[in-house]
Amino acid sequence: MKMSNMLISTLREVPAEAEIESHKLMLRAGMMRKMAAGVYNYMPLGLKVLKNIEDVVREEMNAAGAQEFLASAMIPAELWQESGRWDAYGAEMFRLKDRNQRDFCLGPTHEEVFTDIARNEIKSYKQLPLNLYQIQTKYRDERRPRFGIMRSREFIMKDAYSFDKDEAGLDVSFNKMHAAYVSIFNRCGLDAKCVEADSGAIGGSNSAEFMVKSEVGEDDIVFCTACDYAANIEKAPSTPDMGEKEELKELRKTETPNARTIEELVNFFNCSKKNFAKTLLFNVDGKVIAVMVRGDREVNETKVSNVLGGAVEFEMADEEMVRKATGAAIGFAGPIGIKVDELLVDTEVVNMYNFIVGANETGYHFENVNYGRDFEGKVGDYRNITIGEKCPHCGEEITISRGTEVGHIFKLGTKYSESMNANFIDEDGKSRPFMMGCYGIGITRTMASIIEQHHDDNGIVWPLSVAPYHVTVIPVNIKDENQMKIAEEIYGKLKKMGVDVIMDDRNERAGVKFKDADLMGVPMRITVGKKIVDGEVEFKLRNEADTEVIAIETVASRVEEIFAKNNLSL
């Protein structure tokens, strides 16, 4: 392709709306343009990268025995009602009606659709195992779209669904997908780690996420400092701090004027945060739920939601709810006499002695409170694990890093097949529900994550495997007939070899062309300039600082060498 015929719209200034590097660089490199909040148009350069990532995904999925399929993005409500998710999915689902007032949604995910295909097409165990996948646009009405295509309302996703006759078969399918995902992310140049995860709205018995470490990641990932354990903080079990046993003291109400936050109470009582148990109130699907954790801990909303059966709407209770439950202003909630639908008490609180809580009266707190004597509730693990706690696998210390999810694999079991009556006839002639697995990769998010890991001050540094073009040929002076002749010859030869090559034949200064090539992240640059009188051109790799001078006749072999080093063939 020649750039004089291309839609190239690079930007020198960083758009004000862009917060993270991938968002900034995708806009500056002319790879996408914003259409609405969380909705983007992909320009030719960006679309080429997406297609290259899709090709990697297809190759690995096909090699793992999966078959490509394409479902409609518009799904009738009846399928979601069968699984029970029409009402459970929440406000993220785009819902619409046709002219006959029939309900539909724009698919945020496709478990129901694939289950419907399976129950209609698969009748016997002889047709199993089966794995179907698609690469398609999904729609989720994010409350707060941000970070460009990292969290958008429209995104491209690969989702696959496996169907097996038993758990042993599901294990095999799950492990095949795990191996395929490792290969996919390696080929895309991504340093992605598989971590234990919560299944969330998808459901199922077991799931794992492929996470990319990122300072702007929206998830906290727990890593063991000694073993291979890694988990999303939503999933990681905490280790209760067993407090030293004390004699129980007499309960005492204390006036605490102008002290309602933990920091203010620490100053007022002149003690540690560990001496407090805070009671947080949440509005969970219209019910008021109180959760107690130690004063220096944070509530894990996912753990709480799971205990409550998977909440749809989960938010902090408003002032009116708090006052109705406690009779007090915000900041004075406590477990003694509180009027809530359920009181959840973190295990750590049970092991505390003579601690301080709100008195459900504005301006007052209780001292010397003890679980079992003064109040009771549903005990469990309701908090986030913290740095320095023990690894649940080996007992060594854990650390926590930010991360971005690029892939997620689930063992669904019979969650959807049972609710949707999707059965097959087994070897004994009996009807049994399919054992299902679900496997997703965010194609657009993978693209952004690659940029987050592969960029410098000058722009994107694409891995060769997914780059929009492998090589850019730059004639320094397009008015010099000899330079243009040599550039055309190199361009033509590389094209015949199967190299995806671009030639910058624009009437621009060489510096502008170099900056655009670096910004767009093309892995190899060949500069055709004055050195052609000596039979030489400049060759530069985008990920290296140095430029080398090579003979014109060695250009093809030099490019082949780079492909071989990257384990790619032409």
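The values are calculated or read from the model by the stated rules, or taken from the named source; none is laboratory data. Values in this document were obtained by computation on a predicted structure and should not be read as measured data. Glycine gets a Cβ as well: all are built from the backbone with ideal geometry, and neighbour counts include every protein chain shown.
Given the options Gly437, Gly529, name the one that is small (Gly, Ala, Ser) and at pLDDT below 95. So that I can check it myself, show each step before the final result.
Details: Gly437 fails: at pLDDT below 95.
Exactly one residue qualifies, and that residue is Gly529.
Pairs under 6 Å by beta carbon, first residue of a type in the set (Gly, Ala, Ser) in segment 167-191, partner in a helix (DSSP H, G or I) and surrounded by fewer than 21 Cβ atoms within 10 Å (Cβ to Cβ), six or more apart or different chains?
none
Among the candidates Val57, Val14, which residue alone is touching a helix residue (DSSP H, G or I) at 6+ places or on another chain (Cβ under 6 Å), within 26 Å of Ser214 (Cα to Cα) and surrounded by fewer than 14 Cβ atoms within 10 Å (Cβ to Cβ)? Give the derivation first.
On the way: Val57 fails: surrounded by fewer than 14 Cβ atoms within 10 Å (Cβ to Cβ).
Only one candidate passes the filter, namely Val14.
For the structure I just gave you, tell me whether Val345 is touching a Gly at 6+ places or on another chain (Cβ under 6 Å) and either surrounded by 17 or more Cβ atoms within 10 Å (Cβ to Cβ) or touching a residue at least 40 places away in the same chain (Cβ under 8 Å) (or both).
Yes, satisfied.
Among the residues in segment 397-404, are any more than 37 Å from the chain's Cα centre (by Cα) and β-branched (Val, Ile, Thr)?
Checking segment 397-404: not a single residue is more than 37 Å from the chain's Cα centre (by Cα) and β-branched (Val, Ile, Thr).
Quick check on my filter: what residues within segment 352-388 are touching a residue at least 60 places away in the same chain (Cβ under 8 Å), among the hydroxyl-bearing types (Ser, Thr, Tyr) and more than 30 Å from Val222 (Cβ to Cβ)?
Matches in segment 352-388: Tyr364 only.
Please pick out the residue among Glu92, Glu82 that is in the same structural domain as Met150 (by TED's automatic domain parsing), assigned to a helix (DSSP H, G or I) and surrounded by 13 or more Cβ atoms within 10 Å (Cβ to Cβ).
Glu82
Restricting to segment 60-90, and then to whatever is over 25 Å from Ser173 (Cβ atoms) and free of Cβ contacts under 8 Å to residues at least 60 places away in the same chain, can you tell me which residue is farthest from the chain's Cα centre (by Cα)?
Ranking the candidates gives Glu78 first.
Could you figure out which of (1) without any contact (Cβ under 8 Å) to a residue 40 or more places away in the chain; (2) closer than 19 Å to Gln136 by Cα isn't true of Thr115?
(1)
I need a count of the residues in segment 147-177 that are under 30 Å from Glu427 (Cα atoms) and buried (at least 17 other Cβ atoms within 10 Å of the Cβ).
Here the count works out to 13.
Going through segment 289-312 one residue at a time, which ones are aliphatic (A, V, I, L, M), outside any helix (DSSP H, G or I) and at pLDDT below 95?
Of everything in segment 289-312, those that are aliphatic (A, V, I, L, M), outside any helix (DSSP H, G or I) and at pLDDT below 95 turn out to be Leu308, Ala311, Val312.
Could you please give the count of residues in segment 545-556 that are surrounded by fewer than 11 Cβ atoms within 10 Å (Cβ to Cβ) and assigned to a helix (DSSP H, G or I)?
1
Let's see how each residue does on (1) among the small types (Gly, Ala, Ser); (2) crowded, with 19+ Cβ neighbours inside 10 Å; (3) within 17 Å of Lys193 (Cβ to Cβ):
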site	(1), (2), (3)
Gly395	yes, no, no
Arg402	no, no, yes
Ile425	no, no, no
Ile441	no, yes, yes
Thr446	no, yes, yes
Ile450	no, yes, yes
Tyr469	no, yes, no
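If I go through segment 102-120 residue by residue, how many of them are assigned to a helix (DSSP H, G or I) and out of contact with any helix residue (DSSP H, G or I) (no Cβ under 9 Å at 6 or more places or on another chain)?
Number satisfying all stated conditions: 2.
Name the strands (runs of 3 or more DSSP E) wholly inside segment 185-278 in which the number of residues that are in the same structural domain as Glu60 (by TED's automatic domain parsing) and of a type in the set (A, V, I, L, M, F, W, C) is 3 or more.
192-196, 206-213, 219-224
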